[in-house]
Amino acid sequence: MKQKFLGYILTIFTVILLNTSSKIYAEDTDKLYDKIDLFSEVLEKIQNEYVEEIDQAETMDSAINGVLQSLDPYSAYMNPKIFEESQTETSGKFGGLGIEVSMESGVVKVIAPIDDTPAAKAGVKAGDYIVKINNEQVQGKSLMEAVNLMRGPVGSSIEITVRRKGLKKAKIFKIVREVIEIRSVVSKQVDKKVGYLRLRAFNENSSEQLNEEISEIEKNKKIIGYILDLRNNPGGLLSQAVKISDFFLNDGEIVSTKGRKSRDNRKYFAKKGDKINGKPLIVLINNGSASASEIVAGALQDQKRAILLGETSFGKGSVQSIIPLKNRGAIRLTVSKYYLPSGKSISEVGVEPDIKVEEEGEEFSINTTTDNQLNYAIELLAG
């Protein structure tokens with residue numbers, strides 16, 4: 001069994017080697033064969049010496065994940081079960097805690113909790129580092145392994161331990177998993193003159209919902225301006241980011257993507273038809289505004305269409321493609337990076353607000369007495 005397993009490993013790595021470009025193959029063949037031999041030796045030592053007998057299938061999944069995670073925090077392997085579950089997440093209804101996560105320094109980092117989900121209600125915040133899941137250390141696990149630990153039946157409970165910047169002591173949250181139904185857009189009219197649009201995520205229905213809310217608010221002829229709230233919006237579909245940016249523009253570039261393959265190099269432009277007819281627009285962002293949120297905020301800022309208020313955004317400037325595999329699993333692979341109209345990439349740096357206002361409250365609300373950033377934006381529009 002051991003020899004069969006090691007032979008399987010060698011076959012996989014030989015196929016990878018033979019599919020490497022001819023130039024690299026010619027230059028690095030000896031080095032690659034040395035690494036294959038080393039990998040085989042390590043696996044043999046694990047088989048012979050590790051304190052417990054290992055599950056060979058899980059070991060292979062971890063090895064594949066290790067290759068992908070070494071590229072960047074967003075590339076990962078999804079086994080068939082995880083892949084099937086992930087396909088429901090962009091439809092606006094799925095089970096779980098309601099957080100978008102990435103990997104940083106070997107632990108899970110919360111990009112943002114989604115409004116009105118178990119994680120948000122419990123008090124999990126953007127920027128939290130999840131160090132334990134049900135008292136099991138996250139350090140040393142891949143992102144998909146950690147995500148898998150957080151998955152479970154609806155109604156079951158989970159305990160997560162987080163480290164938060166500025167706090168010496170870890171915080172422990174006990175959360176009950178729920179079916180997550182995301183209503184992407186929440187809107188309100190403030191004092192009958194300011195239109196407030198909170199966008200929680202970029203899923204398949206987001207642009208349609210936002211269009212409906214804008215149309216309803218525009219019936220009020222006293223509206224003097226709008227606030228688009230993208231705080232703690234972890235992103236989602238690129239296509240939705242482009243459509244929503246276009247709602248507030250008449251022309252100009254929205255975003256471009258650049259990758260190794262020519263098919264990944266694209267530019268997206270706005271079409272005529274500003275849905276709020278040129279009214280002043282303020283966009284609220286924070287460090288939980290990521291990916292598609294940053295596309296919208298950055299495009300509207302670069303095109304001088306909106307004032308950005310709040311805190312620097314997360315800094316996720318890459319595009320992932322889901323590539324199905326023969327085993328009915330898939331890999332999520334970074335295939336390109338996106339660039340704002342100015343040509344700037346926001347990877348690792350984020351989008352800077354025009355007006356920096358730090359958060360004071362724990363959550364966002366139309367209640368202006370507790371939301372200092374929203375209150376500031378309303379005052380700016382009201383003059």
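Just so you know, all these numbers are worked out from the coordinates, no wet-lab data involved. The structure displayed is predicted, hence computed values, not measured ones. With ideal geometry, Cβ positions are generated from the backbone for all residues, glycine too; neighbour counts draw on all protein chains shown.
You can think of it this way: the chain between residue 260 and residue 325 has 21.3 nm of extra reach, that is 0.36 nm per residue less the Cα-Cα gap.
Applying a length cut-off of 30 Å (Cα extent along the axis) and a mean Kyte-Doolittle floor of -1.0 to the DSSP H helices of the chain leaves 22-49.
For a Förster distance of 22 Å, can you work out the FRET efficiency between the beta-carbons of residue 212 and residue 277, rounded to the nearest 0.05? According to the calculation, E is roughly 0.85. The residues packed around residue 61, meaning those with a beta-carbon under 13 Å from its beta-carbon, carry a net charge of -1 if Lys and Arg are +1 and Asp and Glu are -1. Step through the table entries 35/267; 81/165; 165/356, compare each Cα-Cα distance with 31 Å, and write down the pairs that go over it. The answer is 35/267; 81/165. Straight-line cross-link partners of residue 271 among the aspartates and glutamates, defined as a Cα under 18 Å from its Cα and at least 8 positions apart when in the same chain: 208, 246, 251, 253, 302.
Can you figure out the FRET efficiency of residue 63 with residue 355, using R₀ = 41 Å and their beta-carbon distance, to the nearest 0.05? Write out the running numbers ahead of the final one.
Values: r = 48 Å, r/R0 = 1.16.
Computed FRET efficiency for residue 63 and residue 355 comes out at 0.30.
By the beta-carbon count within 10 Å of each Cβ, the least crowded to most crowded order of 39, 83, fewest first, is 39, 83. For the chain, what does the relative contact order come out to in percent, with C-alpha contacts under 8 Å and a separation of six or more? Normalised by residue count, the contact order of the chain is 13 percent. For the pair residue 179 and residue 342, a Förster radius of 51 Å applied to the C-beta separation gives a FRET efficiency near 0.80, rounded to the nearest 0.05.
With the simple model of a label 7 Å out from the Cα in the direction of the Cβ, residue 35 to residue 156 spans 3.7 nm. Label-to-label distance, residue 47 versus residue 267, with points set 7 angstrom from Cα along the beta-carbon direction: 5.5 nm.
Taking the average, over residues, of other Cβ atoms within 10 Å as the packing measure, peptides 72-79, 221-228, 323-330 rank 72-79, 221-228, 323-330 from highest down. Entry note, the chain: the mean residue ellipticity at 222 nm calculated from DSSP H runs of n ≥ 4, each adding -39500 (n - 2.57), is -10000 deg cm²/dmol after division by the residues and rounding to the nearest 500. The fewest-to-most ranking of 196, 33 by surrounding Cβ atoms within 10 Å reads 33, 196.
Does the chain classify as rounded, prolate or oblate by the C-alpha gyration tensor (a ≥ b ≥ c root eigenvalues; a/c under 1.5 gives rounded; else a/b over b/c gives prolate, otherwise oblate)? Prolate is the answer for the chain, as a/c is 1.5 or above and a/b outweighs b/c. For region 194-304, the square roots a ≥ b ≥ c of the C-alpha gyration tensor eigenvalues yield an a/c of 1.5 or more together with a/b exceeding b/c, which makes the shape prolate.
State whether region 236-293 is rounded, prolate or oblate according to the following rule on the C-alpha gyration tensor (a ≥ b ≥ c being the square roots of its eigenvalues): a/c under 1.5 gives rounded; otherwise a/b larger than b/c gives prolate, and the remaining case gives oblate. Here region 236-293 falls in the oblate category.
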